[in-house]
1. Could you check residue 8 against (1) open to solvent by 40 Å² or more (accessible area, probe 1.4 Å); (2) under 19 Å from residue 127 (Cα atoms); (3) assigned to a loop (DSSP other than H, G, I, E, B) and say which number it fails?
2. Looking at (1) touching a residue at least 60 places away in the same chain (Cβ under 8 Å); (2) out of contact with any helix residue (DSSP H, G or I) (no Cβ under 7 Å at 6 or more places or on another chain); (3) not in a helix (DSSP H, G or I), can you tell me which one residue 226 breaks?
3. Pull out all pairs, ordered by first then second residue, where Cβ-Cβ is under 8 Å, the residues are six or more apart or on different chains, the first lies in the stretch 169-198 and is on the phi > 0 side of the Ramachandran plot, and the second is assigned to a loop (DSSP other than H, G, I, E, B).
4. Being at pLDDT below 95, surrounded by fewer than 21 Cβ atoms within 10 Å (Cβ to Cβ), among the polar types (S, T, N, Q) and not in a helix (DSSP H, G or I): is that true of residue 172 here?
5. Looking at this structure, is residue 72 more than 18 Å from the chain's Cα centre (by Cα), surrounded by fewer than 19 Cβ atoms within 10 Å (Cβ to Cβ) and within 15 Å of residue 195 (Cβ to Cβ)?
6. Has the stretch 113-136 got at least one residue that is touching a strand residue (DSSP E or B) at 6+ places or on another chain (Cβ under 8 Å), within 20 Å of residue 196 (Cβ to Cβ) and hydroxyl-bearing (Ser, Thr, Tyr)?
7. State the number of residues belonging to the stretch 132-169 that are hydrophobic (A, V, I, L, M, F, W, C), modelled with pLDDT of 90 or more and assigned to a helix (DSSP H, G or I).
8. Given the conditions (1) more than 16 Å from the chain's Cα centre (by Cα); (2) open to solvent by less than 10 Å² (accessible area, probe 1.4 Å), and given that residue 86 satisfies all but one, which numbered condition is not satisfied?
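The values are calculated or read from the model by the stated rules, or taken from the named source; none is laboratory data. Fair warning: this is a prediction, and the values are worked out from it, not measured in the lab. Heads up, the Cβs are rebuilt from the backbone with ideal geometry, glycines too, and the neighbour counts pull from every protein chain shown. SASA here: full protein model, heavy atoms, side chains in, ligands and nucleic acids out. Shrake-Rupley method; radii C 1.70, N 1.55, O 1.52, S 1.80 Å.
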Amino acid sequence: MINFRGAHYPKDAILYAVYFYVRYGVSYRDLEEILEERGVHVDHSTLNRWVIRYSPMIAEAAKKSKRMAADSWRMDETYIKVKGQWVYLYRAIDKYGDTIDFMLSERRDEEASTRFFKQAIDINGLPNRVVIDKSGSNEAGLLNMNILLFLVGWAYLIEILQVKYLNNRVEQDHRFIKKLTNPMLGFKAFHSAQATLAGIETAHMIRKGQLSQIGIPAYRQFMSLAG
């Protein structure tokens, strides 16, 4: 097992604790108490280190393992508080509600939007259509993608639709994420917010059945992604 503080615990215990935190949105102190009742004695600061260390790794494995998404996307961003300041969680789902990708950004601008679309396309391939709200920065990000496609001689460009009612599905999907982050009362550091949200998004993908491991409990699917 990787040598870091708290690593002497069984790997299954560590991963189960991480899953419980990102799936149910309990506080670290509550999780410390829950685990103690089950005979696992670990302090809340160690739990925090576990989430920060393992969640990004598990999220990357989930992105590579999830089922293929549809080629019609809905994209939007929502707000997360870090150190008392609002930052932006970019998210995209397909027309059936499956998670495409997510990215936390300190800014909401053309550069961040372009970076998000490039990341999402690198993992999922090119969509035929992307539905967004009236955000000028998101439109600019997609136009940048189309310029790149044009320059490399791609046969078609991404259709951009700015239709609010078509984007309701991704706005509804935000609710599951906010339901878990709101009780956390904000994050103290950007990197810990990134890691925790990666775990939350992964648990959400498993909940949607995107890893297609039928009959396997969700927490087992989550733990299997750690290798």
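1. In the conditions (1) open to solvent by 40 Å² or more (accessible area, probe 1.4 Å); (2) under 19 Å from residue 127 (Cα atoms); (3) assigned to a loop (DSSP other than H, G, I, E, B), residue 8 misses (2) alone.
2. (2)
3. From the stretch 169-198, the pairs are 186/83; 186/84.
4. Details: at pLDDT below 95: yes; surrounded by fewer than 21 Cβ atoms within 10 Å (Cβ to Cβ): yes; among the polar types (S, T, N, Q): yes; not in a helix (DSSP H, G or I): no.
When the stated conditions are applied, residue 172 does not pass them.
5. No.
6. No, the stretch 113-136 contains no residue that is touching a strand residue (DSSP E or B) at 6+ places or on another chain (Cβ under 8 Å), within 20 Å of residue 196 (Cβ to Cβ) and hydroxyl-bearing (Ser, Thr, Tyr).
7. So the count comes out to 9.
8. Looking at each condition in turn, residue 86 falls short on (2).
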